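The values are calculated or read from the model by the stated rules, or taken from the named source; none is laboratory data. All of these numbers come straight from a predicted model, not from anything done at the bench. For neighbour counting, all protein chains shown are included, and Cβ atoms are generated from backbone atoms with ideal geometry for every residue, glycine included. Accessible surface areas use protein heavy atoms only, side chains included; no ligands, DNA or RNA. Shrake-Rupley method; radii C 1.70, N 1.55, O 1.52, S 1.80 Å.
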Amino acid sequence: MSAPITALRHLVVVLGDQLDEHSAAFEGFDPALDAVWMCEAPAEASHVWSHKARLVLFIAAMRHFRERLRARGWRVHYAATGEHPHRTLAAALTASLATLKPGKVLMVEPGEWRLVQDFASIAAETGVSFETRPDRHFVLPLTDFAEWMKGRKQPRLEHFYRWIRQRTNVLMEGKEPAGGAWNFDHDNRESFGKEGPQNVPQRFGFKPSAITREVIALVEQQYPDHPGSLARFDWALTRDEALEALDDFIAHRLPQFGPHQDALWTNQPWLWHSHLAAAINLKLLTPSEVCEAAEAAWRRGDAPIESVEGFIRQIIGWREFVRGLYWHRMPQYLDDNALDAHQPLPAFYWTGKTDYACLKATIDQTLDTGYAHHIQRLMVTGLFALLLGVEPRRVHEWYLAVYVDAVEWVELPNVMGMSQFADGGFMGSKPYIASGKYIQRMSNYCTGCRYDPELATGPKACPFTTLYWDFIGRHEPMFDQHPRLKPQVMNWQRKKPEQQQAIQREAITLKALLASSL
Ligand code: FAD
Ligand code: SF4
């Protein structure tokens with residue numbers, strides 16, 4: 001840590017996912033009077049069993065940001081791993097406040113409920129004045145989301161999305177949606193067909209800088225038993241790199257983003273996705289500039305409307321929507337368990353050691369890169385945990401740990417709401433359930449698997465198919481009148497009692513087997 005300074009006016013606290021030089025916290029910053037405070041706290045690194053790539057991403061991006069601020073002549077008090085004795089951010093900041101004695105602490109509102117509580121406690125315990133400023137990174141202020149939520153018991157993305165398109169004027173022609181429709185999903189959601197994906201663009205990555213190489217060595221040394229590999233680490237860590245990654249996506253991937261956004265293929269982790277979530281979540285890019293770049297590509301005729309609309313919906317639709325829901329529902333979200341699910345998370349989620357080909361492909365890729373695309377998260381690892389009945393909190397801890405873009409405000413609603421239906425339908429109208437036949441249709445995983453997605457029982461039974469029917473049988477009373485799930489429940493009811501019993505026996509055996517392999 002740097003030496004104490006006298007008469008420090010403001011100490012600007014910058015968290016690991018607040019790496020934006022234009023944030024509200026820097027408004028009025030005077031380098032002669034103010035200083036910045038940043039900290040690598042071991043408790044943040046081990047709060048969940050973080051993938052090594054997630055650790056490198058956060059620490060290296062923070063260090064690059066520190067250098068950028070110092071290059072502007074700003075004082076940065078930076079507590080690096082191993083150079084301070086504190087485990088938590090709270091302990092490190094409390095100690096710094098005692099030595100630096102700032103007139104006031106300034107910060108942007110933290111993105112995580114737990115940290116808001118921590119900073120409130122520090123303010124109360126130290127008596128130092130704290131000013132928390134709104135996070136201008138997001139398109140929608142939280143107060144406006146709260147206004148939109150008023151009177152809504154079941155908020156739905158489609159309503160929110162139309163409202164925010166009109167409010168922001170993104171992809172609009174006057175009062176009408178550009179291209180004549182709000183949603184082009186019927187043109188998307190294609191599989192690759194038997195021939196597989198063709199002409200997939202090269203991954204656009206970045207060679208680790210000297211700072212990043214130092215952090216890679218540090219993480220290998222400090223967190224040797226954490227999951228994941230650093231061999232392929234090439235994520236954007238600075239604003240300049242993030243802008244380059246955005247340009248590459250707009251030029252080479254966006255045009256094909258829509259049609260194939262739901263498709264899966266062995267050894268094809270990147271496909272036509274943007275891989276920008278980590279850079280956006282660290283605040284190296286703003287959601288508005290990302291949407292502007294996509295819309296401009298459509299207006300120039302460089303990308304079709306179905307791809308551009310599909311992409312923009314993820315950002316100003318889903319991303320803003322889940323952030324609003326997170327703050328609306330916390331802290332209850334952490335404990336939601338509407339389906340009363342209590343199975344442990346199978347051990348192979350941390351190792352990839354399984355002969356279920358789809359899960360192996362998705363988990364191996366996750367451990368190799370810290371990345372999986374949305375449908376891998378939702379319809380492979382998420383679906384399996386849902387059908388198996390894994391305790392939602394354990395599923396949440398896994399997702400928060402293993403993805404480079406994982407931060408709680410976006411991960412938690414996606415896991416508890418969208419993927420595990422733990423909130424009982426608050427976020428989505430029905431659980432995303434499917435048998436192995438969905439995975440067979442959308443991927444080539446099943447061709448290399450020793451199980452058969454058609455079969456629910458017997459030695460070649462696909463675990464997704466067994467557990468799908470078991471799930472419906474288990475939750476029949478909850479869903480038999482559900483307008484969208486009723487047909488699936490009726491298919492279960494049409495099975496002979498001996499078929500139903502055989503499936504249930506198979507599911508019990510499978511659950512016992514997976515629980516015993518922990
Ligand atoms: P693209 O497919 O290129 O999508 C474009 C962008 O849209 C993303 O970069 C992201 O910023 C945004 N986006 C897309 N889908 C969502 C969504 N459902 N919610 C919010 N934003 C979205 N996203 C995270 O950023 N962090 C997480 O920790 C995270 N955990 C998830 C867990 C589960 C179980 C599921 C189903 C989804 C999760 N998502 C999470 C959402 C989504 O899967 C990722 O944003 C996306 O896969 C990141 O890859 P990409 O940047 O290539 O996205
Ligand atoms: Fe996955 Fe079942 Fe297909 Fe195997 S058969 S890849 S377990 S869906």
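The residue among Trp182, Val200, Trp235 whose Cα reaches farthest toward the positive pole of the charge dipole of the range 132-262, with charges on the beta-carbon of Lys, Arg, Asp and Glu, is Trp182.
Accessible surface of the range 237-377, 1.4 Å probe: 50 percent of it comes from carbon and sulfur atoms. Within the accessible area of the range 392-441, what % is carbon and sulfur when the probe is 1.4 Å and the other protein chains stay in place? After summing per-atom areas, the C and S share lands at 47 percent. Projecting the Cα atoms of Gln500, Gly424, Ser46 onto the charge dipole of the chain (Cβ charges, centred on the Cα centre) puts Gln500 farthest toward the positive pole.
Met442 sits among other residues whose Cβ lies under 14 Å from its own Cβ, and their net charge, with Lys and Arg +1 and Asp and Glu -1, is +3. Our note on the geometry: Cα centres of the range 473-518 and the range 212-282, 38 Å apart.
Checking the table Lys194/Lys360; Lys52/Lys283; Lys460/Lys496; Lys360/Lys460; Lys360/Lys496 against a 23 Å threshold on Cα-Cα, which pairs fail? Those over the limit are Lys360/Lys496.
How far is helix 113-126 tilted off the main Cα axis of the chain, in degrees rounded to 10, range 0 to 90? Relative to the chain, helix 113-126 is tipped by roughly 30 degrees.
Using only Cα atoms, tell me the angle between helix 392-402 and the longest principal axis of the chain; keep it within 0 to 90° and round to the nearest 10. For 392-402 against the chain, the angle is about 60 degrees.
Mean residue ellipticity at 222 nm, helices only, the chain: -13000 deg cm²/dmol; runs of at least 4 DSSP H residues each add -39,500 (n - 2.57), and the sum is divided by the number of residues. Not counting ligands, DNA or RNA, and with a 1.4 Å probe, what is Cys449's accessible surface area in Å² rounded to the nearest 10? Accessible area, nearest 10 Å²: 40 Å².
Return the carbon/sulfur percentage of the accessible area of the range 1-109, one whole number, probe 1.4 Å, all protein chains in place. Spell out each step's value before the answer.
Values: 2290 of 4090 Å².
Of the solvent-accessible surface of the range 1-109, carbon and sulfur hold 56 percent.
Take every DSSP beta bridge whose two residues both sit in the chain; close to 10 percent of them are antiparallel. About the centre of its Cα atoms, the chain shows a dipole size close to 740 debye [charges on the beta carbon of Lys, Arg (+1) and Asp, Glu (-1) only; nearest 20 debye].
Sorted from longest to shortest, the spans of the Cα atoms of the chain along the three principal axes equal 80, 56, 48 Å.
Please report the relative contact order for the range 92-175, taking Cα pairs under 8 Å with a sequence separation of at least 6, and give it as a percent rounded to a whole number. Can you show the working numbers first?
Working: 42 pairs, mean separation 20.7, N = 84.
Across the range 92-175, relative contact order equals 25 percent.
Ignoring aspartates and glutamates fewer than eight residues from Lys437 along the same chain, the ones with Cα atoms less than 14 angstrom from its Cα are Asp452, Glu454. Working from Cα pairs under 8 Å separated by at least six residues, relative contact order for the chain is 16 percent.
Using a cut-off of 13 Å between beta-carbons, work out the net charge of the residues near Gly317 (Lys and Arg +1, Asp and Glu -1, Gly317 not included). Let's see the in-between values first.
Values: positive: Arg156, Arg162, Arg165, Arg167, Arg313, Arg319, Arg323; negative: Glu158, Asp185, Glu309, Glu320.
In short, +3.
Our Cα-only numbers for the range 186-262 put the radius of gyration and Dmax at 17.0, 49 Å.
Only Cα pairs under 8 Å and at least 6 apart count here; give the relative contact order of the range 317-385 as a rounded whole percent.
Values: 27 pairs, mean separation 13.3, N = 69.
Here the relative contact order equals 19 percent.
Taking all protein chains together and a 1.4 Å probe, the residues Glu83, Glu173, Glu44 rank Glu83, Glu173, Glu44 from largest to smallest accessible area. Using the alpha-carbon atoms, what tilt in degrees (0 to 90, nearest 10) does helix 157-168 show relative to the longest principal axis of the chain? Helix 157-168 sits roughly 40 degrees off the main axis of the chain. Over the chain, accessible surface divided per residue gives 42 Å², non-protein components excluded, 1.4 Å probe.
For the range 245-297, what is one quarter of the convex hull surface built on the Cα atoms, given in nm²? Walk me through the numbers on the way to the answer.
Details: hull surface 15.6 nm².
So the mean shadow area of the Cα hull is 3.9 nm².
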